[in-house]
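Working notes, structure below.
The values are calculated or read from the model by the stated rules, or taken from the named source; none is laboratory data. Just so it is clear, the model here is predicted, and its values are computed rather than measured. Backbone-built Cβ (ideal geometry, glycine too); neighbour counts: all protein chains shown.
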Amino acid sequence: MLAEYGVIAVVVYFVIFFAVIFGFWAAITFGWKPASTAGNLGAWTAAYIATKLTQPLRILATLAITPLVAKLYERITGRPAGKRDA
C-alpha cells in the first residue's frame, strides 16, 4: 500500500485515526462530565484505548478508502498519486 500510494495512504490513515479518537473522546465527554484535569486526562486515555481496540477496523478502512482518495487526487490535480520518483 505504501509503495503504491505513498503519502496518500499515510494521510488517509491519520485522518481516520484522529476522527476516531476525537469521536470517542466526544462520546465519553458528553456521557460523563469530567470535573478536573485528571478526569479530562482519563477521558483522553479511555478514548485512546478505545481507538487502539479499533485499529484492525481502521487499517481495513484505510485499505478500502485509499485507492478512492488517490483517484480523486489524480482527477483534481492531474498528477499521479503515490511516491514521487527521485
For L41, indicate whether it is modelled with pLDDT of 90 or more and either surrounded by fewer than 16 Cβ atoms within 10 Å (Cβ to Cβ) or of a type in the set (S, T, Y) (or both). no
Residues V10, V20: which one is more than 26 Å from R79 (Cβ to Cβ) and of a type in the set (V, I, T)? V20
Checking F18 against (1) over 11 Å from the mean Cα position of the chain (by Cα); (2) surrounded by fewer than 12 Cβ atoms within 10 Å (Cβ to Cβ); (3) not basic (K, R), only one condition comes out false. Which one? (1)
Quick check on A9: is it of a type in the set (A, V, I, L, M, F, W, C), on the phi < 0 side of the Ramachandran plot and in contact with a Leu (Cβ under 9 Å, 6 or more places away or on another chain)? yes
Verdict on T45 being part of a helix (DSSP H, G or I), of a type in the set (S, T, N, Q) and in contact (Cβ under 8 Å) with a residue 40 or more places away in the chain: no
Can you name every residue in segment 44-86 that is exposed (fewer than 10 other Cβ atoms within 10 Å of the Cβ) and among the charged types (D, E, K, R)? R75, R79, R84, D85
Residue tally, condition in a helix (DSSP H, G or I), aliphatic (A, V, I, L, M) and surrounded by fewer than 13 Cβ atoms within 10 Å (Cβ to Cβ), over segment 21-38: 2
Within the set of pairs 6 or more residues apart or between chains, which connect a residue that is in contact (Cβ under 8 Å) with a residue 12 or more places away in the chain and within 23 Å of L68 (Cα to Cα) inside segment 6-34 to a residue that is in a loop (DSSP other than H, G, I, E, B) and aliphatic (A, V, I, L, M) with Cβ atoms less than 9 Å apart? G6/A81; V7/A81; I8/A81; A9/M1
